[in-house]
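S.K.: My questions will all concern the structure given below.
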Number of protein chains: 2
Amino acid sequence: MASETEENYIKAIFKITEKNQGAANTNAIAAHLSTSPASVTDMLKRLSSKDYFHYEKYKGVYLTSKGIEMATQLIRKHRLWEVFLVDKLGFSWDQVHDIAEQLEHVDSDELIIKLDSYLGHPKYDPHGDPIPNAEGKFTLRNQVTLQSLEKNEKGTVVGVRENDTPFLQYLNHFNIKLGTKMQVLSQIDYDHSMKVLVDDAVELVLSHKACSNLFIKKTTL
Amino acid sequence: MASETEENYIKAIFKITEKNQGAANTNAIAAHLSTSPASVTDMLKRLSSKDYFHYEKYKGVYLTSKGIEMATQLIRKHRLWEVFLVDKLGFSWDQVHDIAEQLEHVDSDELIIKLDSYLGHPKYDPHGDPIPNAEGKFTLRNQVTLQSLEKNEKGTVVGVRENDTPFLQYLNHFNIKLGTKMQVLSQIDYDHSMKVLVDDAVELVLSHKACSNLFIKKTTL
DNA sequence: TGAAATTTTTAGAGTACTCTAAAAATTTAT
DNA sequence: ATAAATTTTTAGAGTACTCTAAAAATTTCA
């Protein structure tokens, strides 16, 4: 069985290659795991016999199907636990990442089967990220960033790009959550911020940064 | 923070001293953790600066109040997770030990507060063992072993002495669980087995070993 | 009390990680 | 095309555990 450290390396490689569309390089893995590049090289060399990824010196690394399978199951476990923490225990969406990061390493297939069923086979986690099914398939959402909407276009919030605590708390502050309705009132050229109407009630100005990190499903009029 | 290994050592020492009423010796700790006595000595030496226990060479070890506090919280976490696994996820009582053994090491005070509340502040785990409260106090049960009952005495099952899988499955086989009613019909001198009436319906003969490991709360007539 | 049995510790080494500093390879920019 | 900047690897060492074999201390018992 893979150690917790090994699991974290595989997950980091998966996330980096998913974002980059290419091999994950040493520095990126080190940054992702808050470790040194030297440690990463060392670990990659030791792990390379285990068939989770292809590694060529100076070329970076990409996962094999075995590695992808492992990463996907970890993401499944992480997101199911997040649903549990929010839906059942009453945590808010900005509090669950670190706890799920621990829970995802608990090893029991039966546990995940039962947890999934207990939660009603959820398709999305509390941040709107898709939960892969037992076979590793993600349900993809039809989404765009708030930033990409034109004036007067409407939609509802279906996710956030990064689920870092400060951003989630910023959204809490404006009472923006999954399902919140958004309509673009105007785009402000100067700094690319946007004036929006929230839940048909409140007018807000959101920064460019915030708008690029909010995923919206457009309402077809 | 304590490592998982450290936590397991402290818990083992707690369980051994609780049973023995004396210091935990090296061999006992090694047996409990499936490791070698040499490793235990080494670990005790390294840990002894951390104030969890008193250690004297060749004399064994006993916990300080700091160590007892830690062990108690681990037992609390373990047993709360067992309740979750049985009551919410539908595991049976013989399946939950190993999973709870992993879950108990997840580090989050808020998680345990919320879990406890979600479960309705249970006082006993699925094997009838008391769950210490947040302050570490155990609710003690008024219990005797089935073996100690006299002919015709009655009671209900409130716990098991060891919760090893084979014993629990033996009980499953006879449909004996927490709350099952028991009446002693006769004691068989030859091998100290007992003939009992289960739930006012079924007559069974239970071995001496089984009878000594079943905890009963007597029904006062 | 002293020999035998048992328990515990020490010695020495191995694995799975971690690190910093320096060297090597690659990429970028002129 | 070569120098500079960047990335990656190597070298060497440290920590937190693990082990087996042997030595030392303690306990048991005749």
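The values are calculated or read from the model by the stated rules, or taken from the named source; none is laboratory data. Computed from a predicted structure; not experimentally measured. Heads up, the Cβs are rebuilt from the backbone with ideal geometry, glycines too, and the neighbour counts pull from every protein chain shown. These accessible areas exclude ligands, DNA and RNA; they are computed on the full protein's heavy atoms, side chains included. Shrake-Rupley method; radii C 1.70, N 1.55, O 1.52, S 1.80 Å.
S.K.: Any idea what % of Cα-Cα pairs in segment B:144-218 are farther than 16 Å?
M.R.: Tail fraction, whole percent: 39.
S.K.: Here is a follow-up. With a cut-off of at most 14 other beta carbons within 10 Å, and DSSP calling the residue loop, which chymotrypsin sites (Phe, Trp or Tyr not before Pro) in segment A:101-153 qualify? Please list them.
M.R.: Of the chymotrypsin sites (Phe, Trp or Tyr not before Pro), the ones in loops of segment A:101-153 whose Cβ has at most 14 other Cβ atoms within 10 Å are A:Phe138.
S.K.: Which residue, chosen from B:Asn8, B:His173, B:Val198, occupies the Cα position most advanced towards the positive end of the dipole of chain B, where the dipole is computed from +1 (Lys, Arg) and -1 (Asp, Glu) charges on Cβ about the Cα centre?
M.R.: Of B:Asn8, B:His173, B:Val198, it is B:Val198.
S.K.: Starting from segment B:121-174, pick out the GluC sites (Glu not before Pro) whose DSSP state is loop and whose Cβ has at most 12 other Cβ atoms within 10 Å.
M.R.: Answer in residue order: B:Glu135, B:Glu150, B:Glu162.
S.K.: Let me ask something else about it. Run the label-point distances for B:Asn175 please: 7 Å along Cα to Cβ, every other copy, nanometres, shortest first.
M.R.: 5.6
S.K.: Say each of A:Thr156 and B:Gln21 gets a label point 7 Å from the Cα, pointing the same way as Cα to Cβ; how far apart are those two points in nm?
M.R.: The answer from the label model is 6.6 nm.
S.K.: Using a 1.4 Å probe on the protein heavy atoms, what percent of the accessible area of the protein assembly as shown belongs to carbon and sulfur?
M.R.: Here carbon and sulfur together make up 49 percent of the probe-accessible area.
S.K.: Evaluate segment B:4-63: find the radius of gyration of its Cα atoms, find its Kirkwood radius, and give the ratio Rg to Rh.
M.R.: Radius of gyration over Kirkwood radius for segment B:4-63 works out to 0.90.
S.K.: Check each of the chymotrypsin sites (Phe, Trp or Tyr not before Pro) in segment B:167-221 and keep only those in coil by DSSP with at most 10 other C-beta atoms within 10 angstrom; list them in order.
M.R.: B:Tyr190
S.K.: Ok, one more. How large is the accessible surface per residue of segment A:144-218, computed with a 1.4 Å probe and reported in Å² as a whole number?
M.R.: Ligands and nucleic acids excluded, the result is 54 Å² per residue.
S.K.: Moving on to the next point. Express the relative contact order of segment B:1-155 as a whole percentage, based on alpha carbon pairs under 8 Å and six or more residues apart in sequence.
M.R.: 19 percent.
S.K.: While we're looking at this one, here's another question. How much space per residue, in cubic angstrom, does the convex hull of the C-alpha atoms of the protein assembly as shown take up?
M.R.: Convex hull of Cα atoms, per residue: 215 Å³.
S.K.: Ok, one more. Residues of segment A:86-129 losing 40 Å² or more of accessible area relative to the isolated chain, 1.4 Å probe, heavy atoms only?
M.R.: A:Leu89, A:Phe91, A:Ile99, A:Gln102, A:Leu103, A:Val106, A:Leu111, A:Lys114, A:Tyr118
S.K.: What are the nm distances, shortest first, from B:Gly22 to its equivalents in the other copies, labels at 7 Å along Cα→Cβ?
M.R.: 6.9
S.K.: Run the count for segment B:4-63, please: Lys pairs, Cα-Cα under 16 angstrom, 8 or more apart or on different chains.
M.R.: Counting lysine pairs in segment B:4-63 gives 4.
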